[in-house]
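The values are calculated or read from the model by the stated rules, or taken from the named source; none is laboratory data. Bear in mind that the values here come from a model prediction, so they are computed numbers and not experimental data. We place every Cβ from the backbone using ideal geometry, glycine too, and count neighbours over all the protein chains shown. Heavy atoms of the whole protein, side chains included, go into the accessibility calculation; ligands, DNA and RNA do not. Shrake-Rupley method; radii C 1.70, N 1.55, O 1.52, S 1.80 Å.
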Amino acid sequence: MVFYGHGKQISPEEHSIPSLHPGEILVKNRYTSICGSDLHTFCGLRNEKMPTVLGHEIVGEVLAFADSGVHQDYLGNNIEIGDRVTWSIFASDPNTQLAKAGMPQKSDGLFKYGHALLTGQDALHGGLSTHCILKKGTAVIRISEDIPLPVAAIINCAVATVAGAVRLAGSVAGKNVLITGSGLLGLVCSAICKQEGAESIHVADLQQSRLNQAVAFGADFVYNTATNDALVNAADIVFDMSGSPDAMEAGLAALNIGGIAVWVGAVFNTRKVQVDAESIVRRLITVKGLHNYNFDDFVYAVNFITQYHQKFPFKEIVSKEFELVQAQQAFDYAVKEKPLRVGIQINE
């Protein structure tokens, strides 16, 4: 299902499955969830090369390998045809300077699934498709079929991104944590911080319904900023998952001396954040930004969901499911209703 640009219909196209290049894996897509960045592109808030095949929160099954012999995933586990797998949202050359520095998501020549130009020779690289060809340099991990498909789909984006944010914050054990934004990133962050031993978890958002969900994902205190609830003013770590300048400014003000702010949500154009430099200096505040994640974060995400997908209500994050041919309706619904996630079942 091909996206031609904002305001245009997502339409079906048929493409032949090409011969695989060395190191590639052919996967049958089983499920795709619509991420916030997909919606930004759909609504014209983010520019991509067009036409494209949207969708990067994908889970699938191995159909074929380019090479003969024994095949192993990123963790060294043997993988075979029929195995369920998740994979990094990017393919990256491990020999680049940035990859060696722990930032493979920013390497030269990076390829990103769900964000690439569709061509006659390279069309199978997004979630809104029956198949996907995993390129060399992609971290592929075999996962348990006990994980529901809608939950497995979010591992390689939302969960891995939050894992990276928690890594940047250092240990959250025994810390007072504030999370601004209780979309899926915020909820996952709450769950991970709970498992990592945070002393208290505070979640702020404009929507009461999402705050109610946050409690089930481990939040100890919630704040409805639409009703001017005062935020906690003694946070050791603040994660911003909203991208709202107001939220980021409020988070900085809430930090203790020596506090750390990790900003994740600011991936779209908005007004500039106002920073009181003197306050940052005198309170010894650290601000870190994260875009996407590295392979260690991806491994953490797989392990976290494998262990805890039943402890937290991850199975409730998808509010409605559509078939692949209903992709346009799925995006329209996501824009109108603003659920945590909309799911695309791929049964072809």
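Could we say that HIS131 is within 16 Å of ASN292 (Cβ to Cβ), touching a Leu at 6+ places or on another chain (Cβ under 9 Å), open to solvent by 10 Å² or more (accessible area, probe 1.4 Å) and not small (Gly, Ala, Ser) here? No; evaluated as a whole, the condition is false for this residue.
Tell me which residues, restricted to segment 32-90, are among the basic types (Lys, Arg), more than 24 Å from GLY183 (Cβ to Cβ) and either surrounded by 24 or more Cβ atoms within 10 Å (Cβ to Cβ) or touching a Ser or Thr at 6+ places or on another chain (Cβ under 9 Å) (or both). I'd like the intermediate steps shown before the answer.
Our first condition is that a residue be among the basic types (Lys, Arg); within segment 32-90, this holds for 46, 49, 84.
Imposing the further condition that a residue be more than 24 Å from GLY183 (Cβ to Cβ) reduces the set to 49, 84.
ARG84 - this is the single residue of segment 32-90 that is among the basic types (Lys, Arg), more than 24 Å from GLY183 (Cβ to Cβ) and either surrounded by 24 or more Cβ atoms within 10 Å (Cβ to Cβ) or touching a Ser or Thr at 6+ places or on another chain (Cβ under 9 Å) (or both).
Can you tell me which residues in segment 196-209 are at negative phi and surrounded by fewer than 21 Cβ atoms within 10 Å (Cβ to Cβ)? Scanning segment 196-209 gives GLU196, GLU199, SER200, LEU206, GLN207, GLN208, SER209. The set of residues in segment 16-70 that are more than 22 Å from the chain's Cα centre (by Cα), farther than 25 Å from PHE298 by Cα and of a type in the set (Gly, Ala, Ser) comprises SER16, SER19, SER68, GLY69.
For the condition in contact with a strand residue (DSSP E or B) (Cβ under 9 Å, 6 or more places away or on another chain), not acidic (Asp, Glu) and not in a loop (DSSP other than H, G, I, E, B), ALA214 qualifies. Consider segment 169-195 and keep the residues that are touching a helix residue (DSSP H, G or I) at 6+ places or on another chain (Cβ under 9 Å), part of a loop (DSSP other than H, G, I, E, B) and open to solvent by less than 40 Å² (accessible area, probe 1.4 Å). The one that is nearest to ALA234 (Cα to Cα) is VAL172. Can you name the residue in segment 93-128 that is among the polar types (S, T, N, Q) and either under 17 Å from the mean Cα position of the chain (by Cα) or open to solvent by 40 Å² or more (accessible area, probe 1.4 Å) (or both) and is also nearest to VAL59 (Cα to Cα) among such residues? For segment 93-128, the residue satisfying everything is GLN105.
Residues in segment 11-31 that are open to solvent by less than 70 Å² (accessible area, probe 1.4 Å) and of a type in the set (Asp, Glu): GLU24 only. The helices (runs of 4 or more DSSP H) found wholly in segment 261-348 and carrying at least 3 residues that are surrounded by 22 or more Cβ atoms within 10 Å (Cβ to Cβ) and out of contact with any Cys (no Cβ under 6 Å at 6 or more places or on another chain) occupy 295-308, 327-337. For the list (1) open to solvent by 10 Å² or more (accessible area, probe 1.4 Å); (2) under 15 Å from the mean Cα position of the chain (by Cα), I need the number of the one condition that GLY137 fails. It is condition (2) that GLY137 fails. Is there a residue being touching a His at 6+ places or on another chain (Cβ under 6 Å) and under 30 Å from SER190 (Cα atoms) anywhere in segment 137-155? Looking for residues that are touching a His at 6+ places or on another chain (Cβ under 6 Å) and under 30 Å from SER190 (Cα atoms), one finds at least one in segment 137-155, hence yes. Counting only residues that are in contact with a Gly (Cβ under 9 Å, 6 or more places away or on another chain) and over 17 Å from SER37 (Cα atoms), segment 78-98 holds 9 of them.
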